[in-house]
Ligand SMILES: NC(=O)c1ccc[n+]([C@@H]2O[C@H](COP(=O)([O-])OP(=O)(O)OC[C@H]3O[C@@H](n4cnc5c(N)ncnc54)[C@H](O)[C@@H]3O)[C@@H](O)[C@H]2O)c1
């Protein structure tokens with residue numbers, strides 16, 4: 001449970017990239033809090049696996065699993081419409097789907113790789129915001145959205161040009177959307193995780209040399225567990241942050257403090 005859990009009973013929450021490490025950690029706490037969760041991911045089997053133990057305990061757990069591709073406008077609009085059709089409203093959204101880029105220096109990156117990474121990480125967030133915001137205003141009179149950026153949304157690094165560009169773009173989308181809808185009861189903020197142990201970072205953390213190099217840049221000298229991202233997301237999605245919008249909240253063991 002989280003100290004923000006009481007805010008979510010009966011709230012309809014959309015989560016993209018729900019089957020992944022951070023998405024799963026947030027979804028599980030929301031389910032425990034009694035939220036109505038709408039899970040969107042290309043990996044629907046992963047979403048079903050998260051729900052299975054909750055449905056075993058309580059068959060009437062309100063939920064929706066959607067085969068979502070955040071790069072396709074029709075898919076994103078279908079996801080939001082399915083949530084409104086099933087539950088009548090959308091209160092919150094966690095736009096979290098993302099992929100890494102290949103690690104090559106800029107001049108060696110294929111245009112197709114750039115398009116794919118920016119398409120999922122940045123355009124995907126744009127499409128989600130476009131579908132979610134009008135639905136929240138019309139069904140709930142407002143709402144709260146969290147977009148997942150990265151520490152690489154505010155600083156540079158080697159060998160990740162498409163990822164870094166896309167995550168800087170998510171920061172821009174967050175601030176622009178927050179400005180456009182601040183008077184409409186919509187708050188939009190971003191989570192910037194540091195190195196977190198998920199499928200995305202599994203290979204790096206399995207290699208002792210890569211892991212040591214990564215940890216040497218983190219003042220706390222360790223990676224995060226996905227569970228350590230949850231409270232910041234729940235704080236931003238909940239009314240506990242009712243006067244917070246357009247902000248990037250960094251959870252990175254101090255990596256970007258200097
Ligand atoms: N793990 C880290 O160290 C770290 C650090 C900074 C930021 N992030 C960001 O956190 C978010 C979650 O990453 P994670 O670490 O949980 O990784 P993950 O790989 O475990 O999860 C990502 C999820 O996104 C889904 N996805 C991929 N393409 C999609 C698409 N086109 N449409 C819908 N879903 C799609 C995947 O199926 C997967 O379930 C990402 O945006 C990532 O960039 C992660």
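Throughout, read-outs are computed from the coordinates displayed, never taken from laboratory work. Bear in mind that the values here come from a model prediction, so they are computed numbers and not experimental data. A quick note on method: Cβ atoms are made from the backbone with ideal geometry, for glycine too, and the neighbour counts reach across all protein chains shown.
So the values come out like this:
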quantity	calculated
Using alpha-carbon coordinates, inclination of helix 227-237 to the longest axis of the chain, degrees	50 degrees
Percentage relative contact order, the chain, counting C-alpha pairs under 8 Å, at least six apart	20 percent
Rounded to 10°, Cα long-axis angle of helix 44-57 versus longest principal axis of the chain	50 degrees
Likely footprinting exposure, 73, 144, fewest C-beta neighbours within 10 Å first	73, 144
Tilt relative to the chain, helix 124-140 - C-alpha long axis, 0 to 90 degrees, to 10	20 degrees
Equivalent ellipsoid dimensions for the range 24-164 as semi-axes, Å, which come from the Cα gyration tensor, largest first	30, 17, 14
123, 81 arranged by Cβ crowding within 10 Å, fewest neighbours leading	81, 123
Shape of the range 1-88, Cα gyration tensor, a/c cut at 1.5	prolate
Within a Gaussian network of the chain (alpha carbon springs, distance under 10 Å), most fluctuating of 173, 205, 127	205
The range 48-105: radius of gyration and largest Cα-Cα distance (Dmax), Å	15.1, 50
Calculated over the range 213-257: convex hull of Cα atoms, volume per residue (Å³)	81 Å³
Gyration tensor (alpha-carbon) shape descriptor, the range 134-258, a/c threshold 1.5	prolate
The chain, helix-only ellipticity at 222 nm - DSSP H runs n ≥ 4, -39,500 (n - 2.57), divided by all residues, nearest 500	-13500 deg cm²/dmol
Sequence of 8, 126 once ranked by neighbouring C-beta atoms within 10 Å, starting from the fewest	126, 8
Translational D in µm²/s for the chain (Stokes-Einstein at 10 °C, 1.306 mPa s, Kirkwood Rh from C-alpha pairs)	87 µm²/s
